[in-house]
1. Which entries in the list 85/130; 128/205; 85/287; 85/128; 205/295 go over 29 Å, if you measure between the two C-alpha atoms of each?
2. On a C-alpha basis, how far is the centre of region 25-88 from the centre of region 217-252 in Å? Whole number, if you could?
3. Tell me, what ³J(HN,Hα) does each residue in region 13-29 have, in order and in whole Hz, if you take phi through Karplus 6.51 cos²θ - 1.76 cosθ + 1.60 with θ = phi - 60° and put x for Gly and Pro?
4. Please arrange 275, 120 by counting, for each residue, the other beta carbons lying within 10 Å of its beta carbon, fewest first.
5. Collect residues whose amide H, placed 1.01 Å from N in the peptide plane, falls under 5 Å from the amide H of residue 79; neighbours closer than 5 in sequence don't count.
6. Please arrange 72, 288 by how many other C-beta atoms lie within 10 Å of their C-beta, fewest to most.
7. So how do 265, 122, 199 line up by other beta-carbon neighbours within 10 Å, fewest first?
Amino acid sequence: MLNFNGIPDPDPESAIWLGKLYALYGAIGIPANLIVLLLTLTSEKLRAIPMNICILSITFADLMVLVAFLSSTFWAMSFDPMICKVMGVGIYIFDVMTLLLPACLAVCRYVAICSEQTLHPRLRVLKKRKGIIILNGIFWAYGLTFTIPLIITDRFGLGDIGICGVTDINSIGLWIYYMVVVVGALFGAYVVMFIFYRRLGNWVKTTSSMMVMSSRTRETLNGTRNLMRMLRWLLFLPMVVYYPALTIEALLRIVPRAVSTRTARYFLITVPLAHVLDPIATIIFVKSYRTALLKSFGRPRKIGFQSSPADPGTIQSAAAASPIFEIKKTLKTPTYGNSLKPSEHHLPGQMAH
C-alpha cells in the first residue's frame, strides 16, 4: 500500500470513501453516457445531423473521464502505483477535452443558422460534415498529445490533493508549457464559446422580433434557444463543481501541505458530477435524442412544431427552401417596419426531420 514516493497514502480512510463515491458516480454516469453514444451511433436520424458529431465527442469525453476517475476506486482497493500513473493521464486528457469541446458545439451551431455569404471564409467549411469532422479531429489531436511532456518527465501519480494526476511541476520549462499549452487552451476555448454564445443570442433576439415567421424559422429559433440553455449548462456547471478543487490544487502547488489530504479530498466530492449530468442534459435539451430514446423503448411519439421545441442539431444547409416565398404566401404586401428583411432572419437551409 505504497504510493510513488514509497510512502503510504497520507490518509487511507479518506481514500476509501472517495473511491466508493467515485464508483457510485461511475455506476450512474457511465451507463447514461453509453446510452447517448449508442443512440447517436444507431439512430439513422441522429447520424444524419452533422452537428451531432460534436455531441458525440463531448459524450465520449464524459464517458472516458468517468472511467478514469475510477482510478480513485482502484487506488483505494490496491494502492497500486501503476494504476494511479496510467489513470492520471486519462483524467487529464479527457477532463480537458470535456471543457474544450462545448466551444466546437457553439461554433458549429452558429455556422448552421447563418447564410454562407455572411460567414468568414474559414468558417464556411463547417457547413459540411467533413469540416465538422476535421474540427473535432483537431480538438482530439490536441487532447491526445498535450500530456506527452508531462508523461516523458514522469509527472503523473498521486497528487497532493489526494487524487491521481500531475504530482508536481518542478521546472520553469514545464510551468511555462503548462500555463501556455494547457491553461491557455482552456481560456481560449472559453473565450470562443462566449463569443459565439453572444452571436447566437443576437440572432435569437433579432429573429424573435420578426412580425411574421414561418414554421421552419420558428422551429430553428426554438432549437437555438434550447442549445443556448445546453451551452450554459456545459459552461457554468464545471465552474461550480471544479473550481473549489482547482483552487485547493493551486494553493497546494504554491504552498505544499497547506491543507491536509483529507481536507483536500472534501473538495473533490463534486468534481465528477458534471460528467454524470451532461448526458441527462443532452436528452432534456435536444429533441431528437428524446425522440430516439422513446423509440428505443418502443414508445415512438410524434412531436409536432407546436408541442415541443426544435432540436438544436437539425439544421442542414440547403438552398431549396425559400422563406421569402413562405412569407409572401401569408401577406401579399408585408410591412417590416424597422425589422430586418426576411432573408436576413431565415435560414438558407432546410430543416432535417
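1. In this structure, 85/130; 85/287; 85/128; 205/295 exceed 29 Å between Cα atoms.
2. 18 Å
3. Running phi through 6.51 cos²θ - 1.76 cosθ + 1.60 with θ = phi - 60° gives 4, 5, 4, 5, 6, 5, x, 5, 5, 5, 5, 5, 4, x, 5, 8, x Hz.
4. Exposure proxy ranking, most exposed first: 120, 275.
5. none
6. 288, 72
7. With the sparsest Cβ surroundings first, the list reads 122, 199, 265.
Every read-out reported here was derived from the displayed coordinates using simple, explicitly stated rules and does not represent laboratory data. Predicted model only: the values in this text are computed from it and were never measured. Glycine also receives a Cβ, built like all others from the backbone with ideal geometry; neighbour counts cover every protein chain displayed.
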